[in-house]
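A short write-up of the structure that comes next.
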Amino acid sequence: MPSSLRAFTLSDFDFELPESLIAQHPTPERSASRLLDGRSSPSVHRIFRELPELLNAGDLLVFNDTRVLKARLFGEKASGGKLELLIERVLEDGEIVAHMRVSKKPLPGARIHMCGGLRRGGFDAVLLGRWPDENGPLFRFQLQGPAGETPYELMERHGHLPLPPYIERQQSEGDDPDAAEDSQRYQTVFASKPGAVAAPTAALHFDEAVLARLAERGVERASVTLHVGAGTFQPVKTEDLSEHQMHSEWYDIPLATLAALERCRQRGGRVIAVGTTTVRTLESWAQSGRTQGDTNIFITPGFAFQVVDLLVTNFHLPKSTLMMLVSALAGYDQVMDLYRQAIAHHYRFFSYGDSMLLERQR
């Protein structure tokens, strides 16, 4: 049966990936990573810095300008029990919501001493309850610093970058020799809007030289913001994809980007999304008409794309929602064949891995 007519299940997006191909460190130079050009068959093996030559004057590249927070924090309860917070979101009133890892959950009203607590140069966190409701999976806190700092300031001073779970050299309470590398390379060169707990990894390959070459070729740039949440690593557990509950993330599309999209269409250019987060943002707007808000859009094969023509993306986890998204865009058979090629040619996978260029199937 043609893949365009079949009903997909979770098992369709599984594949065997050698553990040795999971990148633990970035390449020495951002644009020195590999690029699998999968727009046609046969595909072409390239280096990422060649990307500008593959695009045309009048095309529009759309980036996600979110900035990764140092959202991983360590603390202890009044009883001395250790815990860890992963801050998912800063609310408008200055409160935060976070994942909490602890042996026994404290009760609302409990005071948590983070990074030593107020008395030892850290800060305190008062547990207010669950979020978004009393049965929610996250916890809501009020942070109290010694000088009334904002949550962003407290995270910047005391927090750690929350590296993905498949990067095994996880940071801890002590010094991490890789922290300096990660603080630079796990951010894009244009990151400006703090709020993410994971990087928009396809954009990590862009450096100033590549951006300058794109401008020389007449490729326009625009940005959106989607604050990537920890839910991006949430596994799909149901074989029936319709039963999966997609996580929600906050996005914003500036008026300048809407104008750039309109200019691109008028001149016959192509919209190239950098990363799956950019795809989800643009297609959420196309569906809802809202330029700002939360989205839990779940893109699977059969989805009718309205905005994105091409996609720059990394190689994703088996059985992930991101595998489903790229298969929806470029075609299931094409994507699975590209993944087989990538494994055979020892491409590097996931956040610090290599990239590919895909075109929307018509």
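Among the residues of segment 285-294, count how many are touching a Leu at 6+ places or on another chain (Cβ under 9 Å) and either buried (at least 21 other Cβ atoms within 10 Å of the Cβ) or without any contact (Cβ under 8 Å) to a residue 24 or more places away in the chain (or both). Before the answer, list the steps.
Taking segment 285-294 as the starting set, the residues that turn out to be touching a Leu at 6+ places or on another chain (Cβ under 9 Å) are 285, 291.
Adding the requirement that they be either buried (at least 21 other Cβ atoms within 10 Å of the Cβ) or without any contact (Cβ under 8 Å) to a residue 24 or more places away in the chain (or both) leaves 285.
So the answer is 1.
For segment 88-113, name all the residues that are in a strand (DSSP E or B) and under 25 Å from His247 (Cβ atoms). First the steps, then the outcome.
Here is the first cut: in segment 88-113, the residues in a strand (DSSP E or B) are 88-90, 96-102, 111-113.
Hits for segment 88-113 are Glu88, Arg89, Val90, Ile96, Val97, Ala98, His99, Met100, Arg101, Val102, Ile112.
Out of the residues in segment 20-58 that are of a type in the set (Val, Ile, Thr) and part of a strand (DSSP E or B), state the one that is nearest to the chain's Cα centre (by Cα).
In this case the residue turns out to be Ile22.
Listed conditions (1) in contact with an Asp or Glu (Cβ under 7 Å, 6 or more places away or on another chain); (2) assigned by TED's automatic domain parsing to the domain that holds Ala202 are all met by Arg101, apart from (2).
Do we find that His205 is under 28 Å from Arg39 (Cα atoms) and surrounded by 18 or more Cβ atoms within 10 Å (Cβ to Cβ) in this structure? Break it down into steps so the answer makes sense when it comes.
Working: under 28 Å from Arg39 (Cα atoms): yes; surrounded by 18 or more Cβ atoms within 10 Å (Cβ to Cβ): yes.
Taking the combined requirement at face value, the residue satisfies it.
So if I check each of Leu61, Leu17, which one is crowded, with 19+ Cβ neighbours inside 10 Å and either assigned to a helix (DSSP H, G or I) or under 21 Å from the mean Cα position of the chain (by Cα) (or both)? Reasoning before the result, please.
Values: Leu17 fails: crowded, with 19+ Cβ neighbours inside 10 Å.
Just one listed residue meets the conditions, Leu61.
Contact annotation: residue pairs with Cβ atoms under 9 Å, 6 or more positions apart or on different chains, pairing a residue in segment 29-56 that is loosely packed, with under 15 Cβ neighbours inside 10 Å with a partner that is outside any strand (DSSP E or B) and among the β-branched types (Val, Ile, Thr), are Asn56/Val219.
Applying the criterion of at least 1 residues that are under 24 Å from Asn56 (Cβ atoms) and assigned by TED's automatic domain parsing to the domain that holds Thr238 to the strands (runs of 3 or more DSSP E) found wholly in segment 259-362 leaves 271-274, 310-314, 355-359.
Does Leu258 satisfy the condition of being modelled with pLDDT of 95 or more, within 14 Å of Ser223 (Cα to Cα) and not acidic (Asp, Glu)? Let's see the steps before the verdict.
On the way: modelled with pLDDT of 95 or more: yes; within 14 Å of Ser223 (Cα to Cα): yes; not acidic (Asp, Glu): yes.
When the stated conditions are applied, Leu258 passes them.
The values are calculated or read from the model by the stated rules, or taken from the named source; none is laboratory data. The structure presented is a predicted model; accordingly, all values stated were derived computationally and were not measured. All Cβ positions, glycine included, derive from the backbone under ideal geometry; neighbour counts span all protein chains shown.
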